[in-house]
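Participant: Below are the structure tokens for one structure; questions will follow.
The values are calculated or read from the model by the stated rules, or taken from the named source; none is laboratory data. Computed from a predicted model, the values in this text were never measured in an experiment. Reconstructed Cβ throughout: ideal geometry from the backbone, glycine too, with neighbour counts over all protein chains shown. In case anyone asks, the SASA skips ligands and DNA or RNA and just uses the protein heavy atoms, side chains included. Shrake-Rupley method; radii C 1.70, N 1.55, O 1.52, S 1.80 Å.
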Amino acid sequence: VYDGSVYGKIVAEKTQLALNNLGTKEIVFQEINSNSSHYAEQLKHISDLKPDLVYFGGLHVDAGNVLKYLREHGNQTAFFGSDGIASPDFVQAAGGPSNVKDVYMAFFNDPLSIPEAKKVVKALEAKWIKPSVYLLNAYAAVHAVAAALTNTPRDKMSDCLHHNKEDSVIGTWERD
């Protein structure tokens, strides 16, 4: 299931494709929109199917709300999400630590642990800013765009961003 955002739909589709390529077939693939009048009905349907696993494509609060519904209705199935659930807000929305048992997350890289990030992390902490993984990813992305803007004519920026290496706070970005 996914939250209806572009991000949520893309990660859900990519996960669906990867699982299908491994021989696993989903029993349902659908958008779950917390603003929909059918939200609880959709969640009940999914819970009633008793899946082995629920994959959620989307962000932490909606993912937490879906998990909370499942747990409150006796469904203890494993729950899997992407890095969009990497937030304490997910645990809170899910109803607390007791509800996040059997929750798994795909997170390929923890930017806070990268040696190149330590200087930026210290500078942010000195300003009472607690850096998150998203903050460092955004910092690196802005750095790459700024470098492209500085060194490239605007009509060539896309090529520059897709075909050059750039050192950043989270390591070297290499595009192909």
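Participant: Among the numbered conditions (1) more than 25 Å from LYS9 (Cβ to Cβ); (2) over 20 Å from the mean Cα position of the chain (by Cα), tell me where SER113 comes up short.
Facilitator: It fails just one condition, (2).
Participant: Same structure again: What is the number of the single condition among (1) open to solvent by less than 50 Å² (accessible area, probe 1.4 Å); (2) out of contact with any helix residue (DSSP H, G or I) (no Cβ under 6 Å at 6 or more places or on another chain) that GLU116 does not meet?
Facilitator: In the conditions (1) open to solvent by less than 50 Å² (accessible area, probe 1.4 Å); (2) out of contact with any helix residue (DSSP H, G or I) (no Cβ under 6 Å at 6 or more places or on another chain), GLU116 misses (1) alone.
Participant: Quick one: in the stretch 62-93, which of the residues that are of a type in the set (Gly, Ala, Ser) and more than 12 Å from the chain's Cα centre (by Cα) is surrounded by the fewest Cβ atoms within 10 Å (Cβ to Cβ)? Even if it seems obvious, please write down each step before you answer.
Facilitator: As a first pass, look at the stretch 62-93 and keep what is of a type in the set (Gly, Ala, Ser): 63-64, 74, 78, 81-82, 84, 86-87, 93.
From what's left, more than 12 Å from the chain's Cα centre (by Cα): 64, 74, 78, 93.
Working: GLY64: 26, GLY74: 7, ALA78: 13, ALA93: 21.
Per the stated criteria, the residue is GLY74.
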